[in-house]
Amino acid sequence: IKLTTHPSQFDVEPEPIRWAKADPHERGPVVATVTHPGRRNAVGAHSGTYSVYRAVALAAHASPAGFRPDFTNTLPPCQIGPHPAWSKPGAIVSLDPWGHLPQEIFAKRMASGELDVRPTISVTRSHLDLPEIKEAVSVGRLTPDAKFLMADGAVVTTKAAIEPVWHLPGVARRFGVEESHLRRVLYEHTGGMF
(Lines give C-alpha, C1' and ligand atoms only; values in the text may rest on other atoms or scores of the structure.)
Protein backbone atom coordinates (compact mmCIF):
# COMPACT_ATOMS: atom_id res chain seq x y z
CA ILE A 1 0.00 0.00 0.00
CA LYS A 2 1.50 3.32 -1.05
CA LEU A 3 0.24 6.09 1.20
CA THR A 4 1.11 9.06 -0.96
CA THR A 5 1.16 11.63 1.81
CA HIS A 6 3.72 9.67 3.85
CA PRO A 7 7.22 10.97 3.02
CA SER A 8 8.78 7.73 4.28
CA GLN A 9 7.21 5.76 1.42
CA PHE A 10 9.38 4.76 -1.55
CA ASP A 11 9.04 7.04 -4.59
CA VAL A 12 7.04 9.64 -2.67
CA GLU A 13 8.28 13.20 -2.46
CA PRO A 14 5.34 15.37 -1.35
CA GLU A 15 5.27 19.04 -2.31
CA PRO A 16 6.76 20.79 0.74
CA ILE A 17 4.27 22.51 2.98
CA ARG A 18 5.12 24.66 5.99
CA TRP A 19 1.64 25.17 7.38
CA ALA A 20 1.93 28.30 9.53
CA LYS A 21 4.07 30.47 7.23
CA ALA A 22 2.71 33.98 6.62
CA ASP A 23 3.90 34.05 2.99
CA PRO A 24 1.90 31.57 0.89
CA HIS A 25 4.92 30.92 -1.38
CA GLU A 26 6.94 29.87 1.67
CA ARG A 27 3.98 27.92 3.03
CA GLY A 28 3.53 25.99 -0.22
CA PRO A 29 0.44 24.69 -2.00
CA VAL A 30 -2.02 22.07 -0.81
CA VAL A 31 -1.76 19.29 -3.42
CA ALA A 32 -4.60 16.76 -3.48
CA THR A 33 -4.67 16.08 -7.22
CA VAL A 34 -3.53 12.79 -8.74
CA THR A 35 -1.63 14.29 -11.68
CA HIS A 36 1.69 13.62 -9.93
CA PRO A 37 0.70 11.15 -7.15
CA GLY A 38 4.09 11.22 -5.43
CA ARG A 39 3.85 15.01 -5.02
CA ARG A 40 0.58 14.95 -3.05
CA ASN A 41 0.82 16.46 0.42
CA ALA A 42 -2.84 16.14 1.39
CA VAL A 43 -5.28 13.32 1.99
CA GLY A 44 -8.50 13.16 0.04
CA ALA A 45 -9.11 14.75 -3.32
CA HIS A 46 -9.80 18.24 -4.56
CA SER A 47 -13.56 18.75 -4.96
CA GLY A 48 -14.28 16.25 -2.20
CA THR A 49 -17.26 14.07 -3.01
CA TYR A 50 -17.38 15.47 -6.55
CA SER A 51 -14.13 13.65 -7.26
CA VAL A 52 -16.29 10.53 -7.66
CA TYR A 53 -18.07 12.21 -10.59
CA ARG A 54 -14.71 13.02 -12.16
CA ALA A 55 -13.73 9.36 -11.84
CA VAL A 56 -16.99 8.28 -13.51
CA ALA A 57 -16.39 10.78 -16.34
CA LEU A 58 -12.88 9.40 -16.82
CA ALA A 59 -14.11 5.79 -16.79
CA ALA A 60 -16.77 6.65 -19.39
CA HIS A 61 -14.16 8.47 -21.50
CA ALA A 62 -16.29 11.62 -21.22
CA SER A 63 -13.41 13.68 -19.86
CA PRO A 64 -9.74 13.70 -20.85
CA ALA A 65 -7.43 12.21 -18.22
CA GLY A 66 -5.17 15.28 -18.15
CA PHE A 67 -8.01 17.79 -17.88
CA ARG A 68 -7.21 20.93 -15.92
CA PRO A 69 -9.86 23.55 -15.23
CA ASP A 70 -9.71 27.07 -16.60
CA PHE A 71 -9.45 29.41 -13.62
CA THR A 72 -10.26 32.59 -15.55
CA ASN A 73 -12.50 34.88 -13.47
CA THR A 74 -12.35 32.64 -10.39
CA LEU A 75 -10.58 35.00 -8.00
CA PRO A 76 -12.64 36.30 -5.08
CA PRO A 77 -14.63 39.47 -5.74
CA CYS A 78 -13.12 41.08 -2.64
CA GLN A 79 -9.92 40.99 -0.59
CA ILE A 80 -10.00 38.44 2.22
CA GLY A 81 -7.01 38.36 4.57
CA PRO A 82 -4.37 37.62 5.26
CA HIS A 83 -5.07 37.63 8.98
CA PRO A 84 -2.66 36.97 11.88
CA ALA A 85 -4.27 33.60 12.69
CA TRP A 86 -3.28 32.32 9.23
CA SER A 87 0.34 32.13 10.37
CA LYS A 88 -0.20 31.26 14.04
CA PRO A 89 0.93 27.64 14.57
CA GLY A 90 -1.97 25.41 15.53
CA ALA A 91 -4.66 28.08 15.11
CA ILE A 92 -6.09 26.74 11.85
CA VAL A 93 -5.86 23.00 11.14
CA SER A 94 -9.02 22.07 9.21
CA LEU A 95 -9.10 24.47 6.26
CA ASP A 96 -6.56 26.15 4.01
CA PRO A 97 -6.72 29.90 4.74
CA TRP A 98 -5.09 30.55 1.34
CA GLY A 99 -7.56 28.19 -0.36
CA HIS A 100 -9.31 30.95 -2.30
CA LEU A 101 -6.11 32.08 -4.04
CA PRO A 102 -3.95 29.20 -5.35
CA GLN A 103 -4.81 30.09 -8.94
CA GLU A 104 -3.16 33.48 -8.32
CA ILE A 105 -0.39 32.55 -5.87
CA PHE A 106 0.89 29.58 -7.89
CA ALA A 107 -0.17 30.77 -11.37
CA LYS A 108 3.28 30.40 -12.98
CA ARG A 109 3.84 26.89 -11.65
CA MET A 110 0.34 25.86 -12.69
CA ALA A 111 0.74 27.34 -16.19
CA SER A 112 4.02 25.47 -16.68
CA GLY A 113 2.37 22.16 -15.74
CA GLU A 114 4.72 21.72 -12.77
CA LEU A 115 1.87 22.05 -10.29
CA ASP A 116 -1.75 20.93 -10.41
CA VAL A 117 -3.85 22.37 -7.59
CA ARG A 118 -7.41 23.55 -7.11
CA PRO A 119 -8.98 26.23 -4.95
CA THR A 120 -10.50 24.85 -1.76
CA ILE A 121 -12.52 27.99 -1.05
CA SER A 122 -14.90 29.65 -3.47
CA VAL A 123 -15.94 33.21 -2.68
CA THR A 124 -18.87 34.89 -4.44
CA ARG A 125 -21.15 37.87 -4.02
CA SER A 126 -24.88 37.46 -4.03
CA HIS A 127 -28.17 39.12 -3.22
CA LEU A 128 -30.41 37.36 -0.71
CA ASP A 129 -34.15 37.82 -0.72
CA LEU A 130 -35.40 37.30 2.83
CA PRO A 131 -39.13 37.92 3.38
CA GLU A 132 -38.55 39.32 6.89
CA ILE A 133 -36.06 41.88 5.58
CA LYS A 134 -38.27 42.85 2.63
CA GLU A 135 -41.16 43.40 5.03
CA ALA A 136 -38.97 45.47 7.38
CA VAL A 137 -37.96 47.68 4.44
CA SER A 138 -41.55 48.05 3.20
CA VAL A 139 -42.84 49.20 6.61
CA GLY A 140 -39.84 51.44 7.31
CA ARG A 141 -38.13 49.46 10.11
CA LEU A 142 -35.01 49.18 7.94
CA THR A 143 -33.61 51.81 5.62
CA PRO A 144 -31.84 50.69 2.44
CA ASP A 145 -28.32 52.05 2.01
CA ALA A 146 -27.75 50.69 -1.54
CA LYS A 147 -24.53 49.09 -0.32
CA PHE A 148 -25.62 46.27 1.99
CA LEU A 149 -29.39 46.65 1.74
CA MET A 150 -31.01 47.43 -1.59
CA ALA A 151 -34.21 49.43 -2.11
CA ASP A 152 -36.14 46.24 -2.95
CA GLY A 153 -35.05 44.66 0.35
CA ALA A 154 -32.35 42.42 -1.12
CA VAL A 155 -29.34 41.93 1.16
CA VAL A 156 -25.93 42.10 -0.52
CA THR A 157 -23.70 39.35 0.82
CA THR A 158 -20.31 37.77 0.31
CA LYS A 159 -20.38 34.03 0.81
CA ALA A 160 -17.84 31.26 0.77
CA ALA A 161 -17.98 27.54 0.09
CA ILE A 162 -15.15 25.85 2.00
CA GLU A 163 -13.74 22.37 1.47
CA PRO A 164 -12.10 20.87 4.53
CA VAL A 165 -8.31 20.68 4.30
CA TRP A 166 -6.81 18.96 7.30
CA HIS A 167 -3.28 19.71 8.39
CA LEU A 168 -2.82 16.27 9.94
CA PRO A 169 0.11 17.15 12.24
CA GLY A 170 -1.99 19.99 13.68
CA VAL A 171 -5.13 17.86 13.93
CA ALA A 172 -3.16 15.12 15.72
CA ARG A 173 -1.73 17.66 18.20
CA ARG A 174 -5.16 19.15 18.81
CA PHE A 175 -6.62 15.73 19.68
CA GLY A 176 -3.54 14.53 21.56
CA VAL A 177 -2.77 11.54 19.30
CA GLU A 178 0.29 10.48 17.34
CA GLU A 179 0.15 11.61 13.71
CA SER A 180 1.10 8.12 12.48
CA HIS A 181 -1.78 6.62 14.47
CA LEU A 182 -4.22 9.22 13.10
CA ARG A 183 -3.09 8.48 9.53
CA ARG A 184 -3.47 4.73 10.04
CA VAL A 185 -6.95 5.05 11.57
CA LEU A 186 -8.04 7.43 8.81
CA TYR A 187 -6.85 4.90 6.26
CA GLU A 188 -8.59 1.99 7.97
CA HIS A 189 -11.92 3.76 8.60
CA THR A 190 -12.33 5.44 5.22
CA GLY A 191 -12.05 2.27 3.20
CA GLY A 192 -8.45 3.05 2.26
CA MET A 193 -9.32 6.47 0.83
CA PHE A 194 -6.87 8.38 3.01
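The values are calculated or read from the model by the stated rules, or taken from the named source; none is laboratory data. Every value quoted in this text rests on a predicted model; they were computed, and no experiment measured them. Reconstructed Cβ throughout: ideal geometry from the backbone, glycine too, with neighbour counts over all protein chains shown. Accessible surface is based on the protein model in full, side chains and every heavy atom, while ligands, DNA and RNA are left aside. Shrake-Rupley method; radii C 1.70, N 1.55, O 1.52, S 1.80 Å.
With each label modelled as a point 7 angstrom along the Cα→C-beta vector, the Val177-Arg68 pair spans 3.6 nm.
Comparing mean-square fluctuations of Glu104, Glu132, Glu163 from a GNM of the chain with C-alpha springs under 10 Å, the top value falls on Glu132. Note that the stretch 81-173 shows a convex hull volume over its alpha carbon atoms of 158 Å³ per residue. Most fluctuating residue of Phe148, Phe106, Phe175 in a GNM of the chain with Cα springs under 10 Å: which is it? It is Phe148. Val165 sits among other residues whose Cβ lies under 14 Å from its own Cβ, and their net charge, with Lys and Arg +1 and Asp and Glu -1, is 0. In this entry, the stretch 38-144 is assigned a mean projected area of 11.3 nm², taken as a quarter of its C-alpha convex hull surface. Across the chain, Cα-Cα pairs farther apart than 31 Å form 32% of the total.
Computed from the C-beta positions of Glu188 and Gln79, the FRET efficiency with R₀ = 25 Å rounds to 0.05.
If only the Cβ of Lys and Arg carry +1 and only the Cβ of Asp and Glu carry -1, the dipole of the chain around its Cα centre is close to 260 debye.
For the residues Ser51, Ser94, a 1.4 Å probe over the protein chains yields an accessible-area ranking, largest first, of Ser94, Ser51. Taken along the Cα-to-beta-carbon direction at a fixed 7 Å, the label points for Leu128 and Ala111 span 3.8 nm.
Computed log10 I(q)/I(0) for the stretch 57-101 at 0.31 Å⁻¹: -1.13, from the Debye equation with unit scatterers placed on every C-alpha and solvent omitted.
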